[in-house]
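Quick note: the coordinates plus some simple rules give every number you see, no bench work behind them. Worth saying up front: this structure is predicted, and the values here are computed from it rather than measured. Reconstructed Cβ throughout: ideal geometry from the backbone, glycine too, with neighbour counts over all protein chains shown.
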Amino acid sequence: MNQDIVFSFFLVFSGATIFATLALFTRQPLLIAYIALGALVGPFGMGWIEHPENLSDMSHIGIIFLLFLLGLDMQPAALIAVLRKATAVALVSSLVFFATGFGLSQAFAFSLTDSLVIGLAMMFSSTIIGLKLLPTTVLHHKHMGELMIGLLLIQDLLAILTLILLGVMSGNSDMPIWQPFVALPLLVTACYLVVKGVLLPLIARFDRYQEYLFILAIGWCLAVAEGAKIIGLTYEIGAFVAGVTLATSPIAQFIAISLKPLRDFFLVMFFFALGASFNLGLLSAVVIPAVILAVLVLVIKPLTFRYLLAGFSERRALAWDVGFRLGQISEFSLLIAFVALESQLLSEQGSSLIQATAIITFAISSYIVVFNYPNPIAVKDKLRRD
C-alpha cells in the first residue's frame, strides 16, 4: 500500500492514542504500546507502513533533542568529575558484556565473525530507554543522572570506534581510529567559544522574544549535532555538547521546558519505527538463543554495574538503580547489526539475533524500571516523576 506522510502520521499518532489508552488501562508501559503498534502495522505485520526507515530517520531527531535537554541540566564541572569515574566502569563493563555475547553465540555455533559482532553489539546500553525513563527535574536524582550520562557518553565513543572498526574490516571506511578522540575536544572548545561570544550576548539582548529563543535553541542543537557528525562523532554527542555548553545560560531551564513536547513527538515515532522494522518471520530461527541472551543481558548488566559502581563508593541502592536502568542493549547495537550485515560481516541470522535481543531487553527493562523506580511514565502515582 502506497501512502503519503499524512497517512503515515495518522497511523502513528491515532494508533498510538488507542494503544496508549489500552496500555494505561492495563497498567503497561507506554513504550511497549508504541513498539507493539509498529510491529502490528509495519511491513512484517499488516503492511500498512511499507517503509518504516523513512519514519526512523525523522524519529532520530527525538533522541537528539533528548540529549540536548539533558545537557542543559548538567553543569560542565559536574560532567568532568563524573566522567573520571564513569570511564573505568564503562570500559570494564563493556568487556564483561562483550564476553557474554561472544560466548553465547559461540555456544550456539555461530561463526567467529558473527560471534565477534554479536559480542560488540552487547557492549552498549540504550541511551533512549535509559534517559527517557530518568526523571529530569527531581533534585535527588541529579547525581544518578550525571553518572548515567557519563557512562552512556563513554559507551557512545566506544560505539563510534566499533563502527569505524567494522568499516575498516569491510574496506568501506577511511576514518582513522584516533579521529573521535581529537574531534571531541575540538568540538567542545568551538562550542564554548560560540556560546560565550555569540549566543549569550544574543540571549541577553532578545530574551523578551520567546519565539526567537525557541528557534535559537533548536538551531544551535541541530547545528552542533550536524557538525559533530561531519567530524566523525555522532549526532547524540553533538547535541549533548550543545546542551552542556549552553547550560550556564539563565534561560537554560526555559529552553528545556519549551522543547519537551517536541522531543516527545519524535520519540513516539522512534519506538513505532523500532517495532515496525522488526522482521517477525525470522524470529523462529533465533528465538531460543535470543531469549537466553536477553535473560543474560538483563541479569548480568545490573549485577555488573552494581558491583563496579560499589567499588567507587556509590551507594548500593543507587548502583542497583543505575544497573537496572542500563540493563538492556542499545539502539547502537541495531546500527552495528545493520552496518555489519551490509558489509557482509554478519549473517542474516546473526542480525536477527541482535534485533530480537534488543526488542526483548527494551521491553523487559522498561517494565522493570516503570514498575519499580521513579520515572516520567510510571503507572503508580508514587513513582511518577518528570
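Things to note:
- Overall form of region 252-368 per C-alpha gyration tensor (a/c, 1.5; a/b vs b/c): oblate
- The order of E226, E236, going from fewest to most other C-beta atoms within 10 Å of their C-beta, is E226, E236.
- The chain - mean residue ellipticity at 222 nm from DSSP helices (-39,500 (n - 2.57) per run, n ≥ 4, rounded to 500): -25000 deg cm²/dmol
- For S8, net neighbour charge (Lys/Arg +1, Asp/Glu -1) across residues whose Cβ lies under 13 Å away: -4
- Computed Rg/Rh of region 179-223, alpha carbon atoms with Kirkwood Rh: 1.10
- Counted as membrane-span-like here are DSSP H helices of the chain whose alpha-carbon atoms extend 27 Å or more along the helix's own axis and whose Kyte-Doolittle mean is 1.6 or above; these are 5-25, 142-170, 283-310.
- Positive dipole terminus of the chain, leading residue within I237, A90, G42 (C-beta point charges): A90
- Total formal charge among the other residues, if their Cβ is under 15 angstrom from that of E53, Lys/Arg +1 and Asp/Glu -1: -4
- For the chain, size of Cβ-based charge dipole, Lys and Arg +1, Asp and Glu -1, in debye: 1380 debye
- log₁₀ of I(q)/I(0) at q = 0.18, 0.22 Å⁻¹ - region 164-308, Debye sum with one point per alpha carbon: -1.12, -1.22
- Build a GNM of the chain with springs between Cα atoms under 10 Å apart, and of L216, L353, L161 the one that fluctuates most is L216.
- Other residues lying with their Cβ under 11 Å from the Cβ of G323 contribute a combined charge of +2, Lys and Arg counting +1, Asp and Glu -1.
- Across M144, M46, M122, mean-square fluctuation computed from a Gaussian network of the chain (C-alpha pairs under 10 Å connected) peaks at M46.
- Additional length obtainable on full extension of the chain from R84 to L200, 0.36 nm per residue less Cα span: 38.9 nm
- Fewest-first sequence of D57, D73, D4 by Cβ atoms within 10 Å of each Cβ: D4, D57, D73
- Seen from all directions on average, region 254-320 presents a Cα convex hull projection of 7.6 nm².
- Panel order for W48, W220, by other beta carbons found within 10 Å of each beta carbon, from fewest to most: W48, W220.
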